Amino acid sequence: MATPERLRVARDLHDGIAQDLVGIGYSLDLLLSDEELTLKARSEIRATRLSVDELVTKVRDEILALRREFKAPFHQALIALSERLVTQIKLNVQVEEVLIRPETESELLAIASEILRNAVTHSGATHIGVFFYPIDNRACLEIVDDGIGGATLHEGRYGIQGITERVEAIDGIITIESMKGTRISILL
């Protein structure tokens, strides 16, 4: 069963952010019904509405992940996550069964999910690799893509910052190399 803390966060996400996003979606629908909208305005509102729908789906996925009991070993959950998120890009998954602390598993899956979503959405990659292996009595997760690079901290953008904070919270070390493509390595 999911821990009480995970259930609390899932409820908070559902009752807060998820409901707010749905409300924004309804507001956008009302705007779209205005017959005096210009074609350009209508097009931009529709694009925003689609973005809101994507966000609702992501939040619901996170809520389900928080409520889910992880019955599969971590390496199998990582494979399943990778295959679910990377569908239109060539995927190379090479993971070994490495023991990590149970309380680290869900955070590392959330980290991998954010990195993979970013790679799929923003990198323009044609290949993504997910590697998980032991190294010097530790575990290493590497996610590599052949995209445009540029995965760095930016003011007003919180994806990389959030990933870094999550890694630090599980006492990990993160390395980001982003030139021709991106390689993100997390050592636990």
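Go through the range 23-50 residue by residue and tally those that are surrounded by 14 or more Cβ atoms within 10 Å (Cβ to Cβ) and under 17 Å from Arg60 (Cα atoms).
3
Report whether or not Ser185 is at pLDDT 80 or above, hydroxyl-bearing (Ser, Thr, Tyr) and not in a loop (DSSP other than H, G, I, E, B). Lay out the reasoning, then the answer.
Values: at pLDDT 80 or above: yes; hydroxyl-bearing (Ser, Thr, Tyr): yes; not in a loop (DSSP other than H, G, I, E, B): yes.
Criteria met by Ser185.
To keep it simple, each residue is scored yes or no on (1) basic (Lys, Arg); (2) modelled with pLDDT under 80; (3) loosely packed, with under 15 Cβ neighbours inside 10 Å.
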| position | (1), (2), (3) |
| --- | --- |
| Val120 | no, no, no |
| Thr126 | no, no, yes |
| Val130 | no, no, no |
| Thr152 | no, yes, yes |
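Which residues, counting only those in the range 93-117, are in a helix (DSSP H, G or I) and more than 18 Å from Glu168 (Cβ to Cβ)?
The initial filter retains those residues of the range 93-117 that are in a helix (DSSP H, G or I), namely 102-117.
Across the range 93-117, the qualifying residues are Pro102, Leu116, Arg117.
For residues that are at pLDDT below 80, touching a helix residue (DSSP H, G or I) at 6+ places or on another chain (Cβ under 8 Å) and not in a helix (DSSP H, G or I), tally how many sit in the range 1-59.
1
On the given criteria, is Leu109 closer than 29 Å to Ile24 by Cβ and in the same structural domain as Ala169 (by TED's automatic domain parsing)? So that I can check it myself, show each step before the final result.
Details: closer than 29 Å to Ile24 by Cβ: yes; in the same structural domain as Ala169 (by TED's automatic domain parsing): yes.
For Leu109, the condition - closer than 29 Å to Ile24 by Cβ and in the same structural domain as Ala169 (by TED's automatic domain parsing) - is met.
Among the numbered criteria (1) in contact with a helix residue (DSSP H, G or I) (Cβ under 7 Å, 6 or more places away or on another chain); (2) more than 30 Å from Glu97 (Cα to Cα), which single criterion is violated by Leu66?
With respect to (1) in contact with a helix residue (DSSP H, G or I) (Cβ under 7 Å, 6 or more places away or on another chain); (2) more than 30 Å from Glu97 (Cα to Cα), Leu66 is out only on (2).
Out of (1) in contact (Cβ under 8 Å) with a residue 24 or more places away in the chain; (2) assigned to a helix (DSSP H, G or I); (3) of a type in the set (Asp, Glu), what's the single condition that is false for Glu83?
(1)
Pick from the range 118-145 the residues that are outside any strand (DSSP E or B) and over 18 Å from the mean Cα position of the chain (by Cα): which of them is farthest from Ser185 (Cα to Cα)?
Thr126
The values are calculated or read from the model by the stated rules, or taken from the named source; none is laboratory data. Every value quoted in this text rests on a predicted model; they were computed, and no experiment measured them. Please note: Cβ atoms are built from the backbone with ideal geometry, for glycine as well, and neighbour counts cover all protein chains shown.
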